[in-house]
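Step one of this worksheet: look at the structure below.
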Amino acid sequence: MVTTPTSRAETPIAFIKAMVDAYALRGMDPTEALEKAQIAPKLLNRSDARVTALQMEWMSEAAMRELDDEALGWFRRRLPWGSYGMLVRASLTAPTLGVALSRWCRHHNLLTDDIRLALTQTEGLAHIELHELHDLKGLREFCTVSVLRNALGVACWLTDSRIPLAATELHFAPPPHADSYRVLFDGPCQFNAPHSRLSFDAGYLQLPLRRDEAALQRMLQRALLLTVRPYRRDRLLVEKVRQTLAEHPEHSRNAGDLAAWLNLSPRTLHRQLKEEGASLQALKDSVRRDTAVDLLLRTSRPIKQIAAEAGFQNEKSFMRAFKGWTGQTPEAFRQNI
C-alpha cells in the first residue's frame, strides 16, 4: 500500500516520468524506486499529478544509486555517484561565491559536453547560464530545471544565504504544468528564451563562503535537499552592513545613519537583519573586534589610538569590551602574539 507523505504536492509528475524513462533506456525496472518514494505507478498516467518535495528527494536518490548516474539519464555519458559532491569540494576553498561558481561551471563542463554552464554579469545582475550543445530532446526540461536548481542550491549552501532570483529564463515552451514554476523558481519566469539562465543580484558574488569539509560531509548525507527545497536564510544585508561598518564608520554611528546609507528605514534594517539571523549590535561588535585584533597584530600603535579606530569613545570601554571578546587585555593579547 502506498501512503502519500503529509506535505504539499507541488512537483510535477513529469519529472518522475523522466526518471522512469531513464530506467527504460537502461533496460531496468523502476518499481523498487517508485515504492521507496511512495509513488503509485498509476500517477504516471496523469499529466496533472504532483508529488511532494520529499517524494522527489526519495525517488531521485534511489534512481541515482540504481542507475549509478547523478544526471539521471540527461547526458550521453553517465555522471557516477559522487560527481556533484566532487564539484562542491572543488569549489569549497574559493574566497567568494563568484570564484566558487566560476569553478563549478568550469568543472561541470569537464563532466559532459552535452551542455555548457557559464557565470556572467550584466547591469548589476549575475547569471548562471545553461547552453544546450547536444539535443536533450524529451529530457530538456528535467535536465535544465535540475541543473539550474542544483547550482543555485549549492550557491545558497556555500554562503549560508537565500539568494532570491531576479529572473528565470528557460529554453523551452511552457509545459502543461507551467503553474508549478512559481514554486520551482521565485521571481518572474520566461519560457521560449534563447537559452536558459538564472539571474540574481551580483552583490551575492562577493559573499564569502561559510562552509568547510566537515559541513560538506554533513550536507552530502542529504545533498538533494539543495535541489528540491528552497533555501531559507538570506545574508546579503548582513554582508552589506558588515562592509559599511568596516569601510564607512562615519555612516554607522547609529541605526538611523546606517539605514539611510543603505536606503532603508531603521525599522526595516532591524527587521531584515533579524530575518537573516543577525543583529546590528552583534555586527558592530564583530567588526570592532576584527579591527582591533588586526591593528594589534599588524601595528605598534598605542592602545588609545586603536580604541578610537575601532570605534570606541574611550580606552576604558575598549579594554572592557576586548577582554569580554578574548579573555585578555589588549596588552596581554599583543604580548602573546
Pairing the Cα long axis of helix 266-275 with the longest principal axis of the chain, what angle in degrees results, from 0 to 90 and rounded to the nearest 10? 50 degrees
Would you kindly give the portion of the calculated P(r) for segment 107-265 that falls above 29 Å, as a percent of all Cα pairs? 27 percent
If each of Ala178 and His270 carries a label point 7 Å out from its Cα toward its Cβ, how far apart are those two points in nm? 4.5 nm
Count of lysine pairs in the chain with Cα separation under 20 Å (8 or more residues apart, or interchain): 11
Each label sits 7 Å from Cα toward the beta-carbon; between Leu133 and Leu44 the label points are separated, in nm, by 3.2 nm
Taking 25 Å as R0, compute the FRET efficiency from the Cβ-Cβ separation of Arg116 and Arg77 and round it to 0.05. 0.95
Short version: what are the Cα gyration tensor semi-axes of segment 236-335, square root of 5 times each eigenvalue, largest first, in whole Å? 27, 13, 11
Dipole check, the chain, charges on Cβ (K,R +1; D,E -1), about Cα centroid: among Gly256, Leu296, Gly124 the Cα furthest to the positive pole belongs to Leu296
Cα-only Rg/Rh for segment 59-128 with Kirkwood Rh rounds to 1.04
Quick one: if you stick a label point 7 Å off each Cα along the C-beta vector at Ser317 and Asp285, how many nm between them? 1.5 nm
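Calculate, in whole percent, how much of the Cα-Cα pair population of segment 5-136 lies beyond 21 Å.
Details: 4501 of 8646 pairs.
Within segment 5-136, distances greater than 21 Å cover 52 percent of Cα pairs.
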Dipole of the chain, positive end: most advanced residue of Trp74, Val241, Ser317 [Cβ charges, Cα centre]: Ser317
Computed, not fitted: 222 nm per-residue ellipticity of the chain from DSSP H runs ≥ 4 (each -39500 (n - 2.57)), nearest 500, equal to -15000 deg cm²/dmol
What angle do you read, to the nearest 10 degrees and between 0 and 90, between the alpha-carbon axis of helix 13-25 and the longest principal axis of the chain? 60 degrees
Cα-based Rg and Dmax for the chain, where Dmax is the largest Cα-Cα distance (Å): 24.3, 77
Given R₀ = 30 Å, FRET efficiency for Asp68-Asp212 by Cβ-Cβ distance, to 0.05? 0.60
Compute, for the chain, the length of the dipole vector about the Cα centre, with Cβ point charges of +1 (Lys, Arg) and -1 (Asp, Glu) only. Units Debye, rounded to 20. 1000 debye
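Taken together, the values in this text are just the output of simple stated rules run on the coordinates, not laboratory data. Computed from a predicted model, the values in this text were never measured in an experiment. Positions of Cβ are generated from backbone atoms using ideal geometry, with glycine treated the same way; all protein chains shown enter the neighbour counts.
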